[in-house]
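Below is one structure; the comments refer to it alone.
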Amino acid sequence: MSGNSLVLPIVLWGRNAPTHCISSLLVMDDLATIISGCHDGQICIWDMTPDLKINPRALLFGHTASVTCLSKASASSDKQYMVSASESGEMCLWDVNDGRCIEFTKLACAHTGIQFYQFTIGTQREGRLLCNGHYPEILVVDATSLEVLYSLVSKISPDWISSMSIIRSHRTQEDTVVAVSVTGILKVWIITAEVSRMQDMDPVFEEESKPIYCQGCQSISFCTFTQLSLLVVCSKYWRVFDAGDFSLLCSVPSENDQSWTGGEFIAADKVIIWTEDGCSYIYKLPASCLPASESFRSNVGKTAEGSIPPLVYSIADRADKQLLICPPVTRFFYGRREPFHKLLVQGDSAGRLSLWSIPDTSPLQPLSSLQVSSTISLQEAFDKLTPLPAGIIDQLSVLPGSEDPVKVTASVYIPSQGRLVCGREDGSIVLVPATQTAIVQLLQGEHMLRRGWPPHRTLRGHRNKVTCLLYPHQISPRYDQRSLVSGGVDFSVIVWDIFTGEMKHIFCVHGGEITQLLVPPENCSTRVQHCVCSVASDHSVGLLSLRERKCIMLASRHLFPIQVIKWRPCDDYLVVGCSDGSVYVWQMDTGALDRCVMGITAVEILDACDKAVPARILHGEGNLPKYSHNALMVQAMKTNLTDPDMHVLFFDVEAVIIQLLTEEAQRPNPTLVSPETLQKAPGGVDKGGSFLANKIFKQVKETIKENIKEHLLDEDEDEEEEMRRREEKSKSLSLLEYNLTMDTAKLFMSCLHAWGLNGTLDEVCMSRLGMLRPHTPISFGLISRGGHMSLMLPTFKDSLLRQLYRGAAEGRKLSVSEIVGKGTYGVSRAVTTQHLLSVISLANTLMGMTNATFVGEHMKKAPARSLPAMPAAALKPGEPPVFMCVCVCILSGWSQLAAMHCVMLPDLLGLDKFRPPLLEMLARRWQDRCLEVCKIHTYTSGTAPETAQPTPPPPEAPPAEPKAPEEEMDVTDDDITAAGFNLSTLYILKLPLSLSLSRSLSLSLSLSLFSITMGLPLNPAADSARSARHALSLIATARPPAFITTIAKEVHRHTAMQSQGSQSQQNVHTTTLARAKTEILRVIEILIEKMPSDVVDLLVEVMDIIMYCIEGSLVKKKGLSECFPAICKFYMVAYCDRSYRVAVGARQGSVALYDVRTGKCQHIHGHKGPITAVSFAPDGRYLATYSNADSHICFWQMNTSLLGSIGMLNSAPQLRCIKTYQVPPVQPASPGSQNALKLARLIWTSNRNVILMAHDGKEHRFMV
């Protein structure tokens, strides 16, 4: 997927919550959000209410290894950022509000702790992240760019830092970093303002280093209440030190073989310590540890026996505690704002969060236990929901007598057929149309009354759970498109024919469950190219030939689980990497083991393979599917290998639009696609196969019949069913009506529309447009930088639904879908931006199509079908008005839908709930390759709050009907402006002029360089180029002076760079400006034609640009009037083909003289007002200049020296004024600015005689 595609994920979670084995915890400063990281690499965001009720909101995908630490990354309350780090060295900066990944990086070292540190430089506050981990220093990282700025290094016995704390001093300007190394040495660094400003400078060495004999230090924390104590927790004891000289004040050993894992001060005299098994204890410190006490430091240096402080509280575990697979994570946080809760938070391996609110007062009875305030796990949150979260094929998987559906354990999506293949826990495989089954799970409609909808096919062959599925043809066209390969727990690999449902072959060569199926790379030997590679849990790898139907190689001597498979096709090697670091090299041809290596050689072999062929890493599921031009992709994801699949539907808005327009162009009448039309389709259509997802059945007639049979039957094995199948098989082929593109658009629009805000429009959407209401909250996602993704959990609307059921109990009728729609645009600004872009651009596209309604296209099951409501029946020759009326109604429906989302959404939703779109996201997308997406920016940007005076958007937003691309090449600027493509408003009026214009021009110029090729649809580059050309014209015509001066400045800069020397010449010729010369000339020509007075005001700058864009040799050869005739229509521009010079009269009364051969320019001053006309004598010896403002005509003698005549490169022409005559002023015919440009012109009749001819025909003759 290209990084700038507008792709929206919708996730179907299923009833089983994802595994979330918590490894790190963070509570944000406002105590409204809890963040938990897990061992599988996901991050969960939990909302917390003031009364400490917790609810999971979203899951963030981005790390490929266990999350080791979390930290806040901003101090302001308006922008809540947090940073996460994983075992593999990845660091991500996230926006907590919507789960966007702001920045990410990967370092060679893994962090185990991150602390946020903010300091002030002047009036500006900056944030730093101090990181420690498996390396011997503390890295200081910029909190916004994640760049390592400098490091805190140890001179004395450097070692890994196990824990650190930042001591903020209110008394001095110096802050202190205190850290304990793994060997028990305490180190101190001092950070001053000068150190904080450092970047890429020498490392900062420690101020102090002192052994405190605390091996295995778990945590170190500073007492913020007194600023005089330090708590160090080790696994077997915890100690309190004086923060001044680090002398020991108190030491407490652990009891009953417990291991302490952390602690924190909760008051000046109390500490809370927690253990590895999840228990926590609150101790009251003795008087010798309290600075306020008289006996402070009285025990220093003494061995005081029995000085164990009294235990105040022990915090009770839950009674129903279950066995955990790894120790729970405990952290203590206290609120710095209202309410001032002191919270102990614990997360365990079952995905459960527990909260305890710590009271400030001591209990009446000692050793009393504190009860849990709130606890919830992800699974409990899922179970509470009504209706339960839907899985992708739940309606087909509920067995008689059981409530829970059979779990989906493996999935593959075949985009060319729009079908999803799901392998299940009971060994069966289901083939189902993806859009249809998603509609069943998410939307209300007549399908809810049908059992076993949509029509599907079930393949039965595996005796137990299906573990993996592969459709080889999707990865490489060399495989047969009938073949589907599945692997199971029963050690078998089965090859299926997906069109007939027939089992082709069973491979039983492995001695363990199949864990992975792979496709060899293209450049392997011919025999291997028709194989698939299977990996099993008995540590064996097989090459199974689909053509020969036999195993051609089985590599089974690996001692450890297989982690990675790589290929070396040129040497015919298969390289297997195991979990212990060993690498086995197998010969594919003979099946012999070539060698087995360990250590550095093994790493080098794997790296060498990477250069030849990219790696296939096992179980390393990427976050996003690799695809292009597919309107819908379905990706199965699991957070842990033991989980059932959850399914993410990726909608590519641009691909949907392109497919809709393509089908519209190829289908003049609004008919549905049936197998008959597919069969009759010309072969040329298939060349656009990547766009036309539903025109793939290039099979023989029998295959098409089998395919239809598959759609028409349910898989019950009764005799009656068999009879019904035979009847259906004999019926007409045209009964199958299944339009994948329209189905995808229908599903997507139904999910995106804000239901429940406008009842009338909702009715129009359902009756006229054929959209369907959701019957469950839609869990959307957000794809951000680098493929990082946040997915809303189905519980994200829990509070709204609670309110809903309370309302229903009081007798108010509220539907779930009303709440569903309203919430989408109140989630976050980034979500609003993407959803508005999607819904409005799709509505605009559908509005421009003929009769684009989802009514009648919606699933028609063949046997029970009557005549459709609209398409064929309505098109009788004698009834054109009815059809026209229907079309107008549909057009009006889409127009109202677009207008509501463009304009009325903030008012309908309420300004307090509506999150306006982000202007920077709109600005990044304004030059989208898809014109439909471009068009909507004027509307959406109108609601952005950053704009001081937003342009009032029109009450309705029906754009001009999209033309066929052949017509669109000649679209005028007026057409585009009418279509709402008013980019100048967004870019010039709303953003700072210089910044916006230079960026806009740079972007437009770069994008407009692509050549446009005719044909439909345009490829992305051509589409982008077309939009860029329009944008450039609009920016130029909106502010001609700004455009001309900006380009002229760039030209001067480039000319200066060029003259600096040959070193930078290469770069100068490859810049955007140098490559965009033709495009700049095109825009200048438009300005000359439409806005000549603006051009004349800056005529010298315009000529600078023209001289830069046109080659001097070309002008010398052909003349200026042939190279750029537009500029020659001005009387104040003249060209001499004898001396190769161009004269340009300026507004200030000066004349600019350009030498075409050298490109140099000389200015002469001879008039007190704007120049009206200039002209060269035929022999080039004289130049005549006339200004109507000062009523003078001047004659200038050009140089006649030898140097001048041969045009020495550095010789400037010698000019002198030889005669000046006064002339009566010429009055313009009317006051218009256009007339002022054509007042008079100069015409030479011979080498020494000139006529000044006024616009009214009067002549004045002069002689030099």
| remark: Here the gain from full extension of Cys326 to Lys1219, 0.36 nm per residue of separation minus their alpha-carbon distance, amounts to 311.5 nm
| note | Residue by residue through region 1030-1038, the couplings from Karplus 6.51 cos²θ - 1.76 cosθ + 1.60 with θ = phi - 60°, in Hz, x for Gly and Pro, are 4, 4, 5, 4, 5, 4, 5, 6, 6
| query | Of the peptides 1077-1090, 410-423, 1163-1176, how do they stack up when ordered by the mean number of other Cβ atoms within 10 Å, highest first? | reply | 410-423, 1163-1176, 1077-1090
| task | Mind grabbing the accessible area of Glu87 for me, 1.4 Å probe, Å², rounded to tens? | result | 110
| note | The set of residues whose placed amide H lies less than 5 Å from the amide H of Ala110, leaving out same-chain residues fewer than 5 positions away, is His134
| said: Once neighbouring chains are kept in place and the probe is 1.4 Å, which whole percent of the accessible area of region 1027-1143 is contributed by carbon and sulfur? | reply: 48
| note | In whole percent, the fraction of accessible protein surface over region 436-517 that belongs to carbon or sulfur atoms, probe radius 1.4 Å, stands at 47
| request: Kindly report, to the nearest 10 Å², the accessible surface of Lys1116 as traced by a 1.4 Å probe over protein heavy atoms only. | output: 90
| Can you list residues whose amide H is under 5 Å from Ser411's amide H, if they're 5+ apart or on another chain and H is modeled 1.01 Å from N? | Gly423, Leu469
| remark: Given pairs Lys106/Lys187; Lys1077/Lys1118; Lys342/Lys913; Lys79/Lys187 and cut-off 22 Å on Cα-Cα distance, the over-length ones are Lys106/Lys187; Lys342/Lys913; Lys79/Lys187
| Candidate residues His456, His1255, His775: accessible-area rank, largest first, probe 1.4 Å | His1255, His775, His456
| message | Shape verdict for region 102-163, please, from the Cα gyration tensor: rounded (a/c under 1.5), prolate (a/b greater than b/c) or oblate. | response | oblate
| Protein accessible area in region 67-195, 1.4 Å probe - carbon and sulfur % | 49
| remark: Result for region 1050-1201: accessible area per residue, probe 1.4 angstrom, in square angstrom, of 43
| query | Put Phe1195, Phe560, Phe340 in order of accessible area, largest first, 1.4 Å probe: what do you get? | reply | Phe340, Phe560, Phe1195
| query | Using modelled backbone amide H atoms (1.01 Å from N, in-plane), which distant-in-sequence or interchain residues come within less than 5 Å of Cys21's amide H? | reply | His39, Asp40
| query | How would you order 1026-1034, 181-189, 508-516 from highest to lowest mean count of nearby Cβ atoms within 10 Å? | reply | 1026-1034, 181-189, 508-516
| When Lys and Arg each count +1 and Asp and Glu each count -1, what net charge do the other residues less than 11 Å away from Gln218, Cβ to Cβ, add up to? | 0
| said: For a test of the definition: using alpha carbon positions, the gyration tensor, and the 1.5 limit on a/c, classify region 1-110 as rounded, prolate or oblate. | reply: rounded
| request: Under 1.5 on a/c is rounded, so check that first for region 483-580, then, if it is not, pick prolate when a/b is larger than b/c and oblate when it is not; a ≥ b ≥ c are the square roots of the alpha carbon gyration tensor eigenvalues. | output: oblate
| field | Calculated P(r) tail over 14 Å for region 63-136, as whole % of Cα pairs | value | 61
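The values are calculated or read from the model by the stated rules, or taken from the named source; none is laboratory data. Computed from a predicted structure; not experimentally measured. Positions of Cβ are generated from backbone atoms using ideal geometry, with glycine treated the same way; all protein chains shown enter the neighbour counts. Remember, those area values only see protein heavy atoms, side chains included, never the ligands or the DNA or RNA. Shrake-Rupley method; radii C 1.70, N 1.55, O 1.52, S 1.80 Å.
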